[in-house]
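Student: Here it is, the structure, as structure tokens.
The values are calculated or read from the model by the stated rules, or taken from the named source; none is laboratory data. This is a predicted model, so every value here is computed, not measured. Quick reminder, even Gly has a Cβ in these numbers, built from the backbone with ideal geometry, and neighbours come from all protein chains shown.
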Amino acid sequence: MQTFPVDIEPEQIVRWVIAERQAAPSKYRAIARRAKEVREMPTRKELRLGDAERDDLSEVATVATLQIAPVSPNKDWRLTITVEDEIGPLIPDEGAEAEAEEEEIDIAAFYDEFIRSGRGNATVVAEAESPAAKARMMRLLGDIERDHHAQHRKEA
């Protein structure tokens, strides 16, 4: 798959997808997930931590993703919004492994918790398997930029 960045605000994309799914519920599949990731503390001078202290601490981040793809049989493109929110240092406990599991959330929860609140850093990328799939993706991105929905296409 060819991957390319998307220069449209994540909030605009999510609001458009929510509205589009209300107008034509079966056209796009949108799956949102949230997971906590426990990571090794980075080595940075400003933290002033020794090796022993760094071994005792972990950094925790919440990573949320929203994948949008066509429902049609040719699922040859995908739009992915990723939000990464670094929670900060944490002393790991026995249950830290259980926190790393992914949890599926609905698109409204994804919007409220991560997009509308401005929580974390959001990125948007698109993937397409072929030039034809990329062309369909570019038409979709054009509709999102113009805020053009299925209900408008039916009326036209």
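Student: For region 101-138, what are the residues that are crowded, with 18+ Cβ neighbours inside 10 Å, outside any strand (DSSP E or B) and in contact with a Leu (Cβ under 8 Å, 6 or more places away or on another chain)?
Tutor: F110, M137 - these are the residues of region 101-138 that are crowded, with 18+ Cβ neighbours inside 10 Å, outside any strand (DSSP E or B) and in contact with a Leu (Cβ under 8 Å, 6 or more places away or on another chain).
Student: Failed condition for Q67, given (1) buried (at least 17 other Cβ atoms within 10 Å of the Cβ); (2) out of contact with any Pro (no Cβ under 7 Å at 6 or more places or on another chain); (3) at pLDDT 95 or above, with all others met?
Tutor: (1)
Student: Something else about it: Looking at (1) among the basic types (K, R); (2) loosely packed, with under 15 Cβ neighbours inside 10 Å; (3) modelled with pLDDT under 80, which is the only condition K27 fails?
Tutor: Answer for K27: the failing condition is (3).
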